[in-house]
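For reference, the structure discussed in these notes is given below.
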């Protein structure tokens, strides 16, 4: 189920996550990660199995690839998740930090353009809603609710734009703009995290 962790590796992992997890937690995560990715590199198919084995989603589509969640983990964008990226994802989710901003932005920026646009938000919210299984995303009322939520998010960021940042186009959010808005309104990152 994966190799044991040497003292040097453990210290490296603790340094990476700034001591947010203890050795027992890191060891547990290491075991879980290597169960899903015995090679030490989690590819999209491994990631899909990992998520489905967790049984957190009510609806599982055999064709689903969980792209936006994979992007959140895959910090360097190389198409694989290593254990350090896995640790950093979980650290960012649990602690409201600069890492959470990076994670949220990577998750929503589908095409890696450096911007989150309305279509990116709609796609991620639709996928998440489908996975949770409480609503039929093919239903027009549900689609309208998702679009309305996206409009609220875009309007909030637009209304709280900082004069310190380059003004953004109304239909997209730049990472720096999201960072500046979230400094005054950290709840926007929490909301985006919870909608993933």
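Taking first residues from the stretch 111-136 that are in contact (Cβ under 8 Å) with a residue 12 or more places away in the chain and assigned by TED's automatic domain parsing to the domain that holds residue 52 and partners that are surrounded by fewer than 17 Cβ atoms within 10 Å (Cβ to Cβ) and assigned to a helix (DSSP H, G or I), no Cβ contact under 7 Å between residues at least 6 apart in sequence or on separate chains turns up.
In the stretch 2-16, of all residues being within 19 Å of residue 36 (Cβ to Cβ) and assigned to a loop (DSSP other than H, G, I, E, B), the one that is modelled with the lowest pLDDT corresponds to 2.
Return yes or no: is residue 95 in contact (Cβ under 8 Å) with a residue 60 or more places away in the chain, in contact with a strand residue (DSSP E or B) (Cβ under 9 Å, 6 or more places away or on another chain) and under 21 Å from residue 191 (Cβ atoms)?
Answer is no for this residue.
Counting just the residues of the stretch 157-176 that are modelled with pLDDT under 85 and either under 22 Å from the mean Cα position of the chain (by Cα) or not in a loop (DSSP other than H, G, I, E, B) (or both), which one comes out farthest from residue 121 (Cα to Cα)? First the steps, then the outcome.
Initially, the stretch 157-176 is screened for residues modelled with pLDDT under 85, giving 157-171.
From what's left, either under 22 Å from the mean Cα position of the chain (by Cα) or not in a loop (DSSP other than H, G, I, E, B) (or both): 157-159, 171.
Details: 157: 13, 158: 15, 159: 18, 171: 11 Å.
Among them, the one singled out is 159.
The values are calculated or read from the model by the stated rules, or taken from the named source; none is laboratory data. Since the model is a prediction, treat every value here as computed from it, not as a measurement. Every residue, glycine among them, receives a Cβ derived from its backbone with ideal geometry; neighbour counts consider all protein chains shown.
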